[in-house]
Structure formats: structure tokens, C-alpha cells
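See structure below.
Readers should treat all values here as calculations from the given coordinates under stated rules, not as data from a laboratory. Remember, predicted model here, so these are calculated numbers, not experimental data. We place every Cβ from the backbone using ideal geometry, glycine too, and count neighbours over all the protein chains shown.
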Amino acid sequence: MKKLFAMGIAALFLAMAQVTYADDAATAAPAGKAMNFTVVDVACYISKGAYGPDHQACGNKCVKAGGELALKNGENLYIPVTSDYKSARKQFVKKCDTDVTVTGNVVSKGGVNYFVISDNAK
């Protein structure tokens, strides 16, 4: 019984810590800045290094069929998300292998890069 009670307290503590962290991350974001990206088809970019105008037909086909996309800036890939960390994929599906300028903030955690799109940029 003591173990069950201790596990329940530990689970409650972890749940509260995650909620607090998510709230802090969402409210602490500074004002967005405009950044230039190339929208890439992740599968072809990772496996073959393929992106850009010569890859546009393939990239559009894959992304429209549900393939993952990312925003490329320099050598970094960013997952586009809304201010509440939900996918912002829909606004980039028809723009694979084209250059876009997006306003928001970079958030990196545990090796994953997100680009949090500003609410007024949607």
C-alpha cells in the first residue's frame, strides 16, 4: 500500500512539473522574428540530401501524400508549430522545395528544433 501511495505521489509530481514547464515555455517566448526557410520533404532530404527546385515535383508529391515536412535554415531543420505547439504543417504543404519567410521563434529541446509561428503570422 505504501508503494502504491508513493507511486501515485510521484506520478502527480511529474504531471504537475510537465504542465508547469509547458505553461512557462508558452508564455516566456519573446516577440517573433522573421526567418527565411526552404520547405523540405524530410524523407528525401535525410536519405538523399534532395531539396530545391530540381526536387520540387517529387517533394510536393510526397508531402501532399502525407510525408513529413520541415523548414530548413542553413544546416538545421525545424518542425513548424503553432504557439500552442500543434502542427503548422497545413500552411506549408503546397510550398515544398520553395523559399518562405516566416515570423516566429526558435525553440530547441533535447535535440529537436521547433519554429513556433507567431499568432499574427498565420
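Longer than 23 Å from Cα to Cα, which of 48/109; 48/94; 61/109; 61/90 are they? Say none if no pair is. Don't skip to the end; give the middle numbers.
On the way: 48/109 26 Å; 48/94 21 Å; 61/109 30 Å; 61/90 14 Å.
Pairs exceeding the cut-off: 48/109; 61/109.
What is the distance, in nm, between label points placed 7 Å from the Cα along the Cα-to-Cβ direction at residue 108 and at residue 64?
3.5
Going by C-beta contacts inside 10 Å, put 62, 96 in order with the fewest on the left.
Numbers: 62 18, 96 24.
Lowest to highest Cβ neighbour count: 62, 96.
Compute the length gained on full extension between residue 34 and residue 85: take 0.36 nm times their separation in residues and subtract their Cα-Cα distance, giving the result in nm to one decimal.
Working: separation 51, 0.36 × 51 = 18.36 nm, distance 1.83 nm.
That works out to 16.5 nm of additional length.
Averaging sequence separations of C-alpha pairs under 8 Å and six or more residues apart, then dividing by the length of the stretch 31-121, give the relative contact order as a whole percent. Spell out each step's value before the answer.
Details: 171 pairs, mean separation 34.0, N = 91.
37 percent.
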